[in-house]
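Take a look at the structure set out below.
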Amino acid sequence: MIERLQKFLARGGIASRRKAEQLISAGRVTVNSERITELGTKVDPARDLVAVDGKLVSAREEQQYYLLYKPSGCVTTLSDPEGRPTAAAYLATVRARVFPVGRLDYDAEGAVLFTTDGELANRLAHPRYGHQRVYLVKVKGTPEKEQLERMVAGLRLEDGAARALEAELHERTEKNTWIRITVGEGRFHLVKRLCEAVGLQVQRLFRPEFAGISVEGLRPGSFRPLEPDEVRSLQRMVAPAPNARLPRATPSGSRSLPKAARRHGHGPPPAPGATPVDAGGEAVPAKGAPSRKTGRGNGRRTGARSRPRPR
Ligand code: URA
């Protein structure tokens, strides 16, 4: 992240920004051995060697937080032994070593938080902090009320008991139904397994938000840095004393399907002329694909697509 020299010095704990400006003006600061006296000078902390009175300064790294709208057709891990596309590739323009918090399946899409903040990531993953995960799941046909109720009542899966905190009808499509499922843990394939256990066939899995931070406004394959108040809300979420009342991770806005999910764009761009279809066989329009060359978003409004692959 390129930044002003005085800001870099302040972050490095050398002096306040104002004092740092005085150091620069006094000719006491060098960048790559060149004396700098101009206040607007920018430095790249990853490359430039900055010294004050001949002593190297290393800036304390600020934590970084990004929300990616993960398209389907990529793994959430940083690399994949099978060589499949990674969600991290969409953040290739981010210089910091960010990693994903939790996972979304290869064929799932939606919000994934990437950060340099290991402490926050560990806490968010911990069930103690009550971080709820909300999913919109497209299932075949029309589920019975009783099927949804069974998910909430609790089921026995192969790795133990599991339940949804909420399971509600969300929206009907011509042949299928979106249901909204909230779970309180990040167990492997949990939502799909809950659905399968009550006889529902999952066709798409979409996570509209992560810890209350919505992908609304992003397109599949694009990302954005979190706003400072979003970072603070995450920090508050994992900060309370064990007995304190835990915040709910779900704002009311997350009940609606973001437009991007309706549009159903995700993954690398389709071959020219191809008609993308979802796992339920419904054709979807192709829009806003990111550069095939880079395979990543530009940080805001790009999109990408692919056909979901059954897991
Ligand atoms: N549950 C699933 O089945 N898959 C995910 O990616 C996340 C939750």
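The values are calculated or read from the model by the stated rules, or taken from the named source; none is laboratory data. Not measured: the values here are computed from a predicted model. Cβ sites come from the backbone with ideal geometry, for glycine too, and all protein chains shown count toward neighbours. Only protein heavy atoms, including side chains, enter the accessible area calculation; ligands, DNA and RNA are left aside. Shrake-Rupley method; radii C 1.70, N 1.55, O 1.52, S 1.80 Å.
Here are some notes:
- Checked against the criterion of being of a type in the set (A, V, I, L, M, F, W, C), modelled with pLDDT under 95 and out of contact with any Pro (no Cβ under 9 Å at 6 or more places or on another chain), the candidates Ala164, Ala197, Ala153, Ala125 yield just one match: Ala125.
- Residue within region 86-103 that is open to solvent by 40 Å² or more (accessible area, probe 1.4 Å) and within 16 Å of the ligand (Cβ to nearest atom) present: yes
- Matching residues in region 129-166 - criterion: being within 14 Å of the ligand (Cβ to nearest atom), surrounded by 14 or more Cβ atoms within 10 Å (Cβ to Cβ) and not aliphatic (A, V, I, L, M): His131, Gln132, Arg133, Tyr135, Lys138, Arg163
For (1) under 30 Å from Gln203 (Cα atoms); (2) open to solvent by less than 40 Å² (accessible area, probe 1.4 Å); (3) outside any strand (DSSP E or B); (4) more than 16 Å from the ligand (Cβ to nearest atom), each residue gets a yes or a no:
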| site | (1), (2), (3), (4) |
| --- | --- |
| Ala10 | no, yes, yes, yes |
| Lys19 | no, no, yes, yes |
| Gln22 | no, no, yes, yes |
| Gly27 | no, yes, yes, yes |
| Thr30 | no, yes, no, yes |
| Leu39 | no, no, yes, yes |
| Leu68 | yes, yes, no, no |
| Leu78 | yes, no, yes, yes |
| Arg84 | yes, no, yes, no |
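- Within region 167-195, tally of residues that are touching a residue at least 40 places away in the same chain (Cβ under 8 Å), surrounded by 16 or more Cβ atoms within 10 Å (Cβ to Cβ) and among the polar types (S, T, N, Q): 2
- Matching residues, region 49-61, being open to solvent by less than 40 Å² (accessible area, probe 1.4 Å) and under 14 Å from Glu3 (Cβ atoms): Val50, Val57, Ala59
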